[in-house]
Amino acid sequence: MTTGSQVGAVAGNSRAGVLHELLDRPLTSFHLVRGVSALLLALGLFMVLSASSVESYYDTGSSYAVFLRQAQWVLIGLPAAWVASRIPLRVVRRLSTLGLFASVVLLVLTYVPGLGIEVNGNRNWLSAGPIRLQPSELAKLTLALWLAHVYATKGAAVRRWRHLLLPMAPVAVVVTGLVVGQNDLGTALVLFAIVLGMVWVIGAPARVFGAGLVTVGGLAIFLASLNESRVSRLTNFTDPFSAYDTTGWQAAHGFFALANGGWWGVGLGASTQKWEGKLPEAHNDFIYAIIGEELGLFGTLVVLVLFGLLAYVGFRIAGRATDRFSTFAAAGITIWLTTQALINIGMVLGMLPVIGIPLPLVSYGGSALLPALIALGLLVNIAKTEPGAKAAWRAQHQQGFAKRWGLTRSPAPTRGRPRGR
């Protein structure tokens, strides 16, 4: 006689078996990274429209001005991601050094009068006519790819100190130093995270990783101490109401938005912080607070789950890649995007100081969106190199082509009289 607990155990094992079979398919990573990216991008477009509509109307007379600019960047970024998903990875590797060099040149140009402009206290923008770019966003991607190329080339030699630190350390210091000189400590911390994450991925000794973590932490505190506003944010981020009228204003109104949202939110477009215009950068750095107010705790958890899935599939791709460069590149991209997401969400929730970095794929800003879409295209590209993925991809496309052009064979007609007559 079968008991209820035995039936439940059999059903649980059956569901676990189905899940394991789905995850073990050759194109699972490919479909997961595309699906998660599409959901985050779609959510970002909706929330940028909602969060920016009131401010956009007051500034330009149109509620859609900011949204349309973001949509334009999406239309530019999607073809770029498509190209990145199909370009041979050996070409990406060859171009990684040139890409990093171009990023450094663009960073240097931000210091040139007339080209570099200051926005919100940070001189991290280049302006050329109607086009404004933030080179430090591109530097995140190019640094991750260059490090993947360097460590893949060195192979087992990275176990030695000299090969571990050279040329990584001097180049990382130059790139992050240029970003710190722009007064952009938030982006510098993300760059530090990419470097430390890559050191961890290549299997450096724990003492090396620990020393690097302590060094970066100490350096970040020292740099923050040089700016009075940053010191205030560091000391008051857990209680922004103690500096409500100054550095705590943005964080405090982020708390108001989250508290007002409750479990299910006040509804899309109904944020009081947006309508009253009290939350600075509502469609940019603090868009997660607007998600919390309009879509509630449910909406914020959906965003967390999506970034958790992105981290899972990114490291899965890295673990299943067939060459060292693909492994390190996938890991570096995943570390960059998930670390930046955690920092952004942490500062909105009051767990980290407000340092002004966007939520990947969700916040407004073409300079941040374009490199992120290219990076995700590269993840898709690497996912297609997993064992069995190429054959499954080819079979899937051949089958789709045959159906589209009517080349599939019809079942042979039955001979003789049908049964049952």
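When 283, 163, 253, 31 are sorted by how many other C-beta atoms sit within 10 angstrom of their C-beta, beginning with the fewest, the order is 31, 163, 253, 283. Expressed in units of 2.2 N^0.38 Å, where N is the residue count, the Cα radius of gyration of the range 223-303 is 1.16. Shape class of the range 56-115 from the Cα gyration tensor (axes a ≥ b ≥ c, square roots of the eigenvalues): oblate, since a/c reaches 1.5 or more and a/b does not exceed b/c. When the chain is treated as a Gaussian network with alpha carbon springs shorter than 10 Å, the biggest mean-square fluctuation among 376, 279, 297 belongs to 297. Ranking of 202, 287 by neighbouring Cβ atoms within 10 Å, starting from the fewest: 202, 287. In the range 253-324, which chymotrypsin sites (Phe, Trp or Tyr not before Pro) are in a loop and have at most 15 other Cβ atoms within 10 Å, using DSSP for the loop call? Here the sparse-neighbourhood loop sites are 263, 264. Pairs of lysine residues in the chain that meet both criteria, 8 or more places apart or on different chains and Cα atoms under 26 Å apart, total 5.
Stokes-Einstein, applied to the Kirkwood radius of the range 135-215 over Cα pairs at a viscosity of 1.567 mPa s and 4 °C, places its translational diffusion at 100 µm² s⁻¹.
By the beta-carbon count within 10 Å of each Cβ, the least crowded to most crowded order of 271, 63, 50, fewest first, is 63, 50, 271. Only one residue of 303, 246, 100 has its Cα farthest out toward the positive end of the dipole of the chain, where Lys and Arg carry +1 and Asp and Glu -1 on Cβ, and that residue is 100. Using a Gaussian network for the chain with springs between C-alpha atoms less than 10 Å apart, which of these wobbles most: 51, 252, 289? So, out of 51, 252, 289, the one fluctuating most is 252.
Each stretch of four or more DSSP H residues adds -39500 (n - 2.57); spread over every residue of the chain, this sum gives -23500 deg cm²/dmol at 222 nm. Looking at the square roots a ≥ b ≥ c of the eigenvalues of the Cα gyration tensor of the range 35-387, which shape do they give, rounded for a/c under 1.5, prolate if a/b is larger than b/c, or oblate? Judged from the Cα gyration tensor, the range 35-387 comes out prolate (a/c at least 1.5, a/b above b/c). Pairwise alpha-carbon distances in the range 117-178 exceed 20 Å for 43% of all pairs. For the chain, modelled as a Gaussian network with Cα springs under 10 Å, which listed residue fluctuates most, 310, 95, 378? Most flexible of the set in this elastic network: 95.
Since every read-out is calculated from the coordinates, none of them should be taken as a lab result. Note that the coordinates shown come from a computational prediction; the quantities given were computed from them, not determined experimentally. Reconstructed Cβ throughout: ideal geometry from the backbone, glycine too, with neighbour counts over all protein chains shown.
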